[in-house]
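Peer 1: The following block contains the structure, expressed as structure tokens.
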Amino acid sequence: MTIAILALQGAFAEHAAMLDRLGVNHFEIRQLSDLGRPFDGLILPGGESTVIGRLLHELKLYEPLKDRIRAGLPVFGTCAGLILLAGEVRGGAMHFGTMDICARRNAYGRQLGSFRTEADFRGIGDVPMTFIRAPYIESVSGDAEILAQTGGHIVAARQGNQLVTAFHPELDRDTRIHSYFIKLAAEHASAPQS
Ligand code: GLN
């Protein structure tokens, strides 16, 4: 099991530390040639979705990654990563657009948008949630399902092999959401390929 972490900008090192804690192999994607290495899942970290989106195009990573996500590559987007996957983005541009969710960027305001809370995550229980200038999910449609809500807003969702959180589980000690993603990636890796 190997997980690739998109490392163009933002909180990628924290995801790497989390995977180390879980004993999961990982490497960073910084340029097109990195896609030549095999991997079973991809993490899109938090950061600035505008910057990450621009770099994806400049580095010619956008099309190949989008194709792989569309083909079923397990992907976990946190915060800006959620925005990258959203099919509709309020207050910003759409990027991969592979998930049937509508995300509102900087939904809690730019200055006062950072806070911590705890709420139920479907199938896991109460988890800590750290929000940093976070988006929330305004609505889900199609096959997308809600996994967590807090303060009346949707903050985690899944659609097939795509998992997103508006908060940053990589900044907390709780490893269960990353484990959830690793399990999803392992199931996909062991499924017979058609
Ligand atoms: N506000 C950022 C954006 O719009 C997301 C913040 C984050 O990833 N912590 O991309």
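The values are calculated or read from the model by the stated rules, or taken from the named source; none is laboratory data. Predicted model, so just to flag it, every value in this text is computed and none were measured. With ideal geometry, Cβ positions are generated from the backbone for all residues, glycine too; neighbour counts draw on all protein chains shown. Quick note on the areas: whole protein, heavy atoms, side chains included, nothing else; ligands and nucleic acids left out. Shrake-Rupley method; radii C 1.70, N 1.55, O 1.52, S 1.80 Å.
Peer 1: For a paramagnetic label modelled at 7 Å from the Cα of THR175 toward its Cβ, which residues of the stretch 1-39 fall within the zone defined by backbone nitrogen distances under 14 Å?
Peer 2: Answer for the stretch 1-39: 15-26.
Peer 1: Determine the share of the chain's accessible area contributed by carbon and sulfur atoms, expressed in whole percent, with a 1.4 angstrom probe.
Peer 2: Values: 4010 of 8530 Å².
Percent of accessible area from carbon and sulfur atoms in the chain: 47.
Peer 1: Could I ask something else about it? Using only DSSP helix segments of four residues or longer, with each worth -39500 (n - 2.57), what per-residue ellipticity at 222 nm results for the chain after dividing by its residue count and rounding to 500?
Peer 2: Rounded to the nearest 500, the figure is -8000 deg cm²/dmol.
Peer 1: What is the stretch 73-171 by shape, rounded, prolate or oblate, if you read a ≥ b ≥ c off the alpha carbon gyration tensor as root eigenvalues and call it rounded for a/c under 1.5, prolate for a/b larger than b/c, and oblate otherwise?
Peer 2: oblate
Peer 1: Here is a further query. Counting only C-alpha contacts under 8 Å and six or more residues apart, can you give the relative contact order of the stretch 1-124 as a whole percent? Display every interim value, and only then the final one.
Peer 2: Working: 192 pairs, mean separation 24.9, N = 124.
Once divided by the residue count of the stretch 1-124, the mean separation gives 20 percent.
Peer 1: Given 25 °C and 0.890 mPa s, how large is the Stokes-Einstein diffusion coefficient of the stretch 1-44 in µm²/s, with Rh as the Kirkwood radius over Cα pairs?
Peer 2: In µm²/s, the coefficient is 235.
Peer 1: Restricting things to alpha carbons, find the Rg to Rh ratio for the stretch 41-121 using the Kirkwood radius for Rh.
Peer 2: Using only Cα positions, Rg/Rh for the stretch 41-121 is 0.98.
Peer 1: Please report Rg (one decimal) and Dmax (integer) in Å for the Cα set of the chain.
Peer 2: 15.1, 48
Peer 1: Would you mind getting the accessible area per residue of the stretch 45-194, heavy atoms of the protein chains only, 1.4 Å probe, in Å²?
Peer 2: Accessible surface, normalised per residue, equals 44 Å².
Peer 1: If I take all pairs of Cα atoms in the stretch 39-82, what percentage of them are more than 17 Å from each other?
Peer 2: Values: 289 of 946 pairs.
When every Cα pair of the stretch 39-82 is considered, 31 percent fall beyond 17 Å.
Peer 1: Rounded to the nearest 10 Å², what accessible area does ARG105 have for a 1.4 Å probe in the complete protein model?
Peer 2: 40 Å²
Peer 1: Once you've got the GNM for the chain with C-alpha springs shorter than 10 Å, pick whichever of HIS57, HIS95, HIS168 has the biggest mean-square fluctuation.
Peer 2: Among HIS57, HIS95, HIS168, the largest mean-square fluctuation in the Gaussian network model of the chain belongs to HIS57.
Peer 1: What helices does the chain hold that run 18 Å or longer along their axis, going by alpha-carbon atoms, with a Kyte-Doolittle average of -0.5 or more, using DSSP H for the helix calls?
Peer 2: 176-190
Peer 1: Among GLY36, GLY81, GLY47, which one moves the most in a GNM of the chain with springs linking Cα atoms closer than 10 Å?
Peer 2: Of GLY36, GLY81, GLY47, the most mobile in the Gaussian network model is GLY36.
Peer 1: Relative to the Cα centre, what is the charge dipole magnitude of the chain, using +1 at the beta carbon of each Lys and Arg, -1 at the beta carbon of each Asp and Glu, and rounding to the nearest 20 debye?
Peer 2: Value, rounded to 20: 320 debye.
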